[in-house]
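Read through the structure below, which is laid out as structure tokens, and then see the notes.
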Amino acid sequence: MNSSITKLLGTLELLYYGNSFVWETETQGELNLWKLMSNFVNPTDIELVFEHWQNIETWGTPTNQALNDYEYAPPRSQRKNNHWNEEIENQRKEYYQELQKLVETNLNNIQAYNLRDYRDDEHCFEWEHPDFSVSIIIAQTKDNRWFCLAPTVPNQVNYFWNRKTNLQNPVIQAPNAEIEAILTKLTPIENYGYYYGGYRETYQYYIVSTMGDSREEVFTTALQAANMVTVEELINYNSSDCHNNPELQQFIKQNLQSNTRYSIGFWDIGYTYEVGQTPEDDWIGIMSEYEFEYNP
């Protein structure tokens, strides 16, 4: 670590007693969301991705409640306004099968990933949370553009960032008309998040798709469209930025450039990185963890 970062980091840690963040560009490369989330991203099989997407529809909830110690939402069979039946499930299963076939026959360099929050001695949470994850697919077109498919995410910790995202209108960018047509047929369905205890949280579940010139670009745009991620340039700080610490805000504004907040939500668990670029093109800042307490 060069002396410039060491000095800036030392001052930052005097102003903030939480988790500091350091990114050395020379050894780690350019900072982007793909690299920032590397600890969350795990390779998987394309068959498991499509299976996971369909399971979420069948469950009607973000996770399989049968594997949890408590029930946080009623299953589809117990819902009063249950616009779901075996015929609808089978029809959508056919759509997913067709989509998988189109991806496998029309795209190259197909990469399947499961995104899961990490929990260890350093990154742990006070409350028990359902085992939530997100499955995505990234691939290249025949003309070497990039394509990403990702499901929408219920973001229970979104209020920490004062953001409100409308998930009523799917984002569909596709490499050809066939893939676009099948994605259009996979219309949004209503799923429950935390519903009991007066929460009554529902969200529109569907698959978003984005196109771009790099894997990093489509990864970022897809997760933003899916309500899992926000990437915001911090120009005029408000009371919620930097934990309402005016001295820390002033230090960042005076010493760092391109100040940015990356917010990542795994349903009821969230991470934010408020970072800025040093004169030597490295990045420093703070990392925060958030969790939602389900109290039915």
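Suppose we keep only residues that are touching a strand residue (DSSP E or B) at 6+ places or on another chain (Cβ under 6 Å) and polar (S, T, N, Q) within the range 142-157. Which one would you say is farthest from Asn106 (Cα to Cα)?
Asn155
Take the conditions in contact with a strand residue (DSSP E or B) (Cβ under 6 Å, 6 or more places away or on another chain) and not charged (D, E, K, R) and apply them to Thr105. Does it pass?
So Thr105 fails the test.
Determine if the range 14-28 includes at least one residue that is buried (at least 18 other Cβ atoms within 10 Å of the Cβ), outside the structural domain of Gly270 (by TED's automatic domain parsing) and either on the phi > 0 side of the Ramachandran plot or not acidic (Asp, Glu) (or both).
No, the range 14-28 contains no residue that is buried (at least 18 other Cβ atoms within 10 Å of the Cβ), outside the structural domain of Gly270 (by TED's automatic domain parsing) and either on the phi > 0 side of the Ramachandran plot or not acidic (Asp, Glu) (or both).
I'm trying to understand the selection: among the residues of the range 9-27, which are more than 16 Å from Met287 (Cα to Cα), touching an Asp or Glu at 6+ places or on another chain (Cβ under 9 Å) and not charged (D, E, K, R)?
Thr25
In the range 214-232, what residues are under 17 Å from Lys35 (Cβ atoms), of a type outside the set (Val, Ile, Thr) and out of contact with any Gly (no Cβ under 7 Å at 6 or more places or on another chain)? Even if it seems obvious, please write down each step before you answer.
Initial filter on the range 214-232 (under 17 Å from Lys35 (Cβ atoms)): 214-224, 228-229, 231.
From what's left, of a type outside the set (Val, Ile, Thr): 214-217, 219, 222-224, 228.
Ser214, Arg215, Glu216, Glu217, Phe219, Ala222, Leu223, Gln224, listed by residue number.
Which count do you get for residues in the range 57-78 that are over 12 Å from Ile189 (Cβ atoms) and either among the aromatic types (Phe, Trp, Tyr) or surrounded by fewer than 17 Cβ atoms within 10 Å (Cβ to Cβ) (or both)?
Residues that pass the stated criteria total 12.
Do we find a residue being outside any helix (DSSP H, G or I), modelled with pLDDT under 90 and not polar (S, T, N, Q) anywhere in the range 84-106?
Yes: one or more hits.
Of all residues being part of a loop (DSSP other than H, G, I, E, B) and touching a residue at least 12 places away in the same chain (Cβ under 8 Å) in the range 48-69, which is nearest to Gln156 (Cα to Cα)? Just the residue, please.
Pro62
May I ask you to say which residue of Ser38, Ser4 is in contact with an Asp or Glu (Cβ under 6 Å, 6 or more places away or on another chain) and either farther than 30 Å from Ala112 by Cβ or surrounded by fewer than 16 Cβ atoms within 10 Å (Cβ to Cβ) (or both)?
Going through Ser38, Ser4 in turn, the sole match is Ser4.
Does Ala112 satisfy the condition of being buried (at least 17 other Cβ atoms within 10 Å of the Cβ), assigned to a strand (DSSP E or B) and small (Gly, Ala, Ser)?
yes
Out of the residues in the range 215-236 that are touching a strand residue (DSSP E or B) at 6+ places or on another chain (Cβ under 6 Å) and in a loop (DSSP other than H, G, I, E, B), which is farthest from Ser133 (Cα to Cα)?
Of everything passing the filter in the range 215-236, Leu234 is farthest from Ser133 (Cα to Cα).
The values are calculated or read from the model by the stated rules, or taken from the named source; none is laboratory data. Predicted model, so just to flag it, every value in this text is computed and none were measured. Every residue, glycine as well, gets a Cβ built from its backbone with ideal geometry; the counts of neighbours run over all protein chains shown.
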